[in-house]
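Working notes, structure below.
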Amino acid sequence: MEKLVEAEELRTNFYTFEGVVKALNGVSLVVNNGETYGLVGESGCGKSVSVRSMMRIVQAPGKIEEGKVVLFFNEKDRNKGIDILKRSEAYMQSIRGNDISMIFQEAGTALNPVLSIGFQVGESFLLHRRGEMIKLAVKTLDKKIDENSNSLFRMWRKFHKRLLQNETDDLERYKTEIVKIDSDLYRTEGKTDSKSLEKHKRLLVNRERLNKQGLKVRLQLKTPIIRRYVRRINAAVREKVIELLTDLGVPNPGNIVDRYPHELSGGMQQRIVISIALACNPTLLIADEPTSNLDVTIQAQILDLIRQLKKTQISSVLFITHDLGVVAEICDRVTVMYAGDTCETASVKDLFKEPMHPYTKGLLKSVPKGEIGEKLQTIPGTVPNLITPPSGCRFHPRCPDVMEICKSQKPEMLMMKDGHSVACHLYRKK
Amino acid sequence: MNNEILVDIRGLRKYYPVKGGVFKKHIADVKAVDSVDLQIKKGECIGLVGESGCGKTTLGKTLLRLHDASEGRIYFNQPEEKINELENLLSNGNASDHGEIRKLRNELDLTKFSGKKLLDLRKKLQIVFQDPSNSLNPRLLVKHIVGEPIVAHKLMKGVALEARVLELLETVGLGKTHMMRYPHEFSGGQRQRIAIARALATNPEFILMDEPTSALDVSVQAQILNLLKDLQNNLDLTYLFVTHHLLVVKYITNRIAVMYLGKMMEISPTAELFKAPLHPYTKALLSAIPVPDPESQVEKIILTGDVPNPIDPPSGCRFHPRCKYATNICKKQEPELEDVGSGRKVACHRWKEIQ
């Protein structure tokens, strides 16, 4: 299998008043092309922080200290990765929502309450697919020009077409220039001699300075009355949004686009969030607990939808959840996390059949499976405070098989058999 | 567990008025609980499941007199003969019995209680809320939180109170060191333990568990569930366990009542319900649970659409727009909750045919 995204030794800290919260303690994970990858753990174990670090959207007191996030999106050259932690913010913006997109927990708070559904879904079309949208608008304009014989209307429409053409030309110019700078940047990256460094710096400055829109377009976007041609793009976006919502099985999409989030039920809100994430056909979809606040019947609907989309549209899904039932149902491969550490990575079948890490074993035993009269086994103690995490293996204070070495030394990830690795001293070769 | 009935709910309704227009005229009702019958036996744990918005929490809170019922009777620990007498009068009585009915209802029906009688009732009925971080006062010490019901009912004072609080904390697995702390210093599981200790403070007979584990992690959830089970055995408690997590219900309850849009759909002993659900809604609900076993081959029944609006519920059987077995009769006639033997009840016209 080919790698799609790889995170290496990610370390993220949060600088709070109480102290430094060491949220991620060297997390490594690999998402392969075409798989559904699960990330499980209790709340506060760093599941969300790891994907947020991978998307570079860790919020203010948080900081990614070290590590690498390598993308292998290049179709032609799969082996050449891009370390996105080193790239500029502008580059990240072109990736977020376009190549990697994210479904957030709690759809109700992820949506903006004062913007209509149509606007929120269409936003990513306008941002990442403006060129296509303009093309669509031009197409409908062409039709109208042919139909209508009134010369005044014709003139007005032809004028709009001209303005749209301006924007397209401008986008083309921007695209060629940015690609050129990026390829130059790639060449100078990692070189240490002073000349290359100088050039690298200059290129970065140029990249930041490069305006997406030229003077002509900026003027036509700002001048009253003339700027009304933008409505033609918006109409095209609206059509595209309705098309997308229909694909996702939202009933009555023509009506929904003009509504606001509070008018919809929880399941429907989640569908809208999914449609925003899917707008630009992402290569990787990150789903951060997409079903944890929904009813079981609605959860089944949403899981079914993600499974279908996986077949038709997106190549890989990174699925975060705390529900082991959901993991068993939807994932191919799973990583179990505990207090900022990865404990175990395995295929779903292996993980449920023969868990290796003591934490995974405890977790699986504490899930009610529905044997009547069974006594649930528990993991004694609680999740540690990450400001002063336990030394060595972070699970050792709660571990039933604790040894002397666990208290002092952090276990390394050991490859046990094909695709099954575990970070525990129990399995170290003697 | 014996067959003595502790709580007897008859024809309970809870409507919330919807007002509109310039004069805030009463235009419609949200039918949160619509004519529900339920008997809870002494010492049992009965689960109440359903999707959000189906009225399960409203039913529980009406039972505790946290909401006032719109219609219907609730008898808590009343002699059976007297209940039957009153029910007979209500169904066949004429105008001359009006005074008698009123007298009996004030005596038996907890929806009509007031004053001293209501205060005594509150001691026996307690509740544990969903999210412990919202249900504990952040400005009170744990010992004050747990002792509050005792002080409110003037049961104990001073040293005795302190000793009782400590005893309560010890029953839920906390200790003396936790007494002088504030809720924010505890983890979610410990907070829920404090909430449980508070519910136990007045020696209740009946506790309403309103999704007590939905805000907790799996490993902590298991601890709390074990604790609840132990407490029930040791203190001879009766639980009404409201939740939407069906596996939790399966673990802890003896019987399960399934609600949909304010109506009871099915009441059945837990083992039988999971073995052979009768109502199509129960079937869909059970098949939708994600099973923590990657090799399970359960066929999923995926319901389309959402729960309809309870202001204007569908005609006939309320489940018919989402039911794949629905026929004409389901659209026109509302099914009764009929007894089908071995302690099971189901409200469906076609339950026999679809087995």
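Summed over region B:231-259, the residues that are within 14 Å of chain A (Cβ to nearest Cβ) and out of contact with any strand residue (DSSP E or B) (no Cβ under 9 Å at 6 or more places or on another chain) give a count of 3.
For region A:247-263, taking the residues that are in a loop (DSSP other than H, G, I, E, B) and free of Cβ contacts under 8 Å to residues at least 40 places away in the same chain, the one that is surrounded by the fewest Cβ atoms within 10 Å (Cβ to Cβ) is identified as A:ASN252.
Would you check which residues across region A:353-375 are touching a residue at least 24 places away in the same chain (Cβ under 8 Å) and either open to solvent by 40 Å² or more (accessible area, probe 1.4 Å) or closer than 24 Å to A:ALA7 by Cβ (or both) and list them? Once the filter is applied, which keeps residues that are touching a residue at least 24 places away in the same chain (Cβ under 8 Å) and either open to solvent by 40 Å² or more (accessible area, probe 1.4 Å) or closer than 24 Å to A:ALA7 by Cβ (or both), region A:353-375 yields A:MET356, A:HIS357, A:TYR359, A:THR360, A:LEU363. When the residues of region A:114-124 are filtered to those that are in a helix (DSSP H, G or I) and farther than 12 Å from A:ILE242 by Cβ, the one that is modelled with the lowest pLDDT is A:SER124. The residue list A:ARG333, A:ARG271, A:ARG307 contains one member that is of a type in the set (Lys, Arg) and under 22 Å from A:ILE256 (Cα atoms), which is A:ARG271.
Listed by position, the helices (runs of 4 or more DSSP H) inside region B:267-355 whose residues that are in contact with a Pro (Cβ under 7 Å, 6 or more places away or on another chain) and either among the charged types (D, E, K, R) or within 11 Å of chain A (Cβ to nearest Cβ) (or both) number at least 2 are B:280-287. Would you confirm, using the coordinates I've provided, whether A:GLN301 is open to solvent by 10 Å² or more (accessible area, probe 1.4 Å), facing another protein chain (nearest Cβ under 8 Å) and not in a loop (DSSP other than H, G, I, E, B)? When the stated conditions are applied, A:GLN301 passes them. Here's a check for you: in region A:280-298, which residue that is of a type in the set (A, V, I, L, M, F, W, C) and in contact with a His (Cβ under 8 Å, 6 or more places away or on another chain) is nearest to the other protein chains (Cβ to nearest Cβ)? Across region A:280-298, the extreme among qualifying residues is A:VAL296.
The residue list A:LEU318, A:LEU294, A:LEU303, A:LEU264 contains one member that is hydrophobic (A, V, I, L, M, F, W, C) and in contact with a Leu (Cβ under 8 Å, 6 or more places away or on another chain), which is A:LEU318.
Selection within region A:376-422: residues that are without any contact (Cβ under 8 Å) to a residue 40 or more places away in the chain, assigned to a strand (DSSP E or B) and closer than 17 Å to A:MET337 by Cα. The member of this set that is least open to solvent (accessible area, probe 1.4 Å) is A:LEU414.
The values are calculated or read from the model by the stated rules, or taken from the named source; none is laboratory data. Note that the structure is a prediction, hence the values are computed from the model and not measured. Please note: Cβ atoms are built from the backbone with ideal geometry, for glycine as well, and neighbour counts cover all protein chains shown. Accessible surface is based on the protein model in full, side chains and every heavy atom, while ligands, DNA and RNA are left aside. Shrake-Rupley method; radii C 1.70, N 1.55, O 1.52, S 1.80 Å.
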